[in-house]
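Have a look at the structure below before the remarks.
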Amino acid sequence: MKVNLKVNGRSRTVDVEPRKTLLDTLREDLALVGSHAGCEHGVCGACTILLDGVPVRSCLMFAAQSDGYEITTIEGLAPAPGELGVIQDAFCETHGLQCGYCTPGMILTAHSLLERVENPTREDIVEAISGNICRCTGYGQIVEAIEFAADRLRKANAPRHLKGSHANEPVKDPNAKTDAPQEGILEAAEADTPHGGRS
Ligand code: FES
Ligand code: FES
């Protein structure tokens, strides 16, 4: 069957079996392999994607069910090819990943949290990522990464709640004459220092 998917701001048509999961469709038909297959039973969170901004397990959905939703994968969070978004960068800087298998799901979950909560407590962060299993890090650096990203996003003073229909689109300021892209966020990312160099 033909299914129309809107992924990372692009409309894509795929021809899939009705029983094909969204996870397998993303990986096999759209070559978006950042969404990982872990348990494939809805337990580990490695396959997390955003559906209209909400984290969901793509292993538990059929591709056909996601027709009409805005899908965001980890590939959609990078500001440009070869660049890292603020949260991705924070994970690198605080050593929030080791093997990296859980990392895309963690980052998308963190992205969703930080879109809603500007100044999350440690408890908020722990609760948000409680559905994402990491086998390597012990979670300490992951929590630190999300706190660090939240701090940078606050200092960037970007109007996150005014984002466009897709996380990778420029943020629109309704008071500006032209689009006001994520200047603050980009500045924060550019001001990054190498591993361990932050104060
Ligand atoms: S692969 Fe989907 S929750 Fe584990
Ligand atoms: S970094 Fe290896 S599973 Fe989390």
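The values are calculated or read from the model by the stated rules, or taken from the named source; none is laboratory data. Predicted model, so just to flag it, every value in this text is computed and none were measured. Neighbour counts run over all protein chains shown; Cβ positions are idealised from the backbone, glycine included. Ligands, DNA and RNA are excluded from the accessible area calculation, which covers all protein heavy atoms including side chains. Shrake-Rupley method; radii C 1.70, N 1.55, O 1.52, S 1.80 Å.
The residues of region 7-58 have, on average, 46 Å² of accessible surface per residue, using a 1.4 Å probe with all protein chains present. Each peptide in 3-12, 101-110 gets a packing score, the mean of other Cβ atoms within 10 Å over its residues, and the list from highest to lowest is 101-110, 3-12.
For the pair Val33 and Arg12, label points projected 7 Å from Cα toward Cβ lie 1.4 nm apart. Taking region 139-155 and a reference point 7 angstrom along Cα→Cβ of Asp124, the backbone N atoms nearer than 17 Å belong to 143-155.
For region 35-47, 3J(HN,Hα) computed residue by residue from phi via the Karplus equation (6.51, -1.76, 1.60; θ = phi - 60°) reads 7, 9, 8, x, 7, 6, 10, x, 9, 8, x, 5, 9 Hz, glycine and proline entered as x. Multiplying the residue separation of Arg154 and Arg19 by 0.36 nm and subtracting their alpha-carbon distance yields 44.4 nm. Residue-wise HN-Hα couplings along region 131-142, as the Karplus relation 6.51 cos²θ - 1.76 cosθ + 1.60 with θ = phi - 60° gives them from phi, are x, 10, 8, 10, 9, 10, 8, x, 6, x, 6, 5 Hz; Gly and Pro carry x. Ligands, DNA and RNA left out, the accessible area of region 74-143 computed with a 1.4 Å probe is 54% carbon and sulfur.
Backbone geometry of region 12-20 corresponds, through the Karplus equation with coefficients 6.51, -1.76 and 1.60 at θ = phi - 60°, to 3J(HN,Hα) couplings of 10, 10, 10, 10, 10, 5, x, 8, 6 Hz, x marking Gly and Pro.
As a rough guide to protection, the peptides 88-94, 32-38 ranked by mean Cβ packing within 10 Å, highest first, stand as 88-94, 32-38.
The simple Förster model, with R0 at 41 Å and r as the Cβ-Cβ distance, assigns Gln98 and Asn4 a FRET efficiency of 0.65. Amide H contacts of Lys6 (H built 1.01 Å from N, in plane; Pro and chain starts excluded): Arg12, Gly68, Tyr69, Ile71 sit under 5 Å, all sequence-distant by 5 or more or on other chains.
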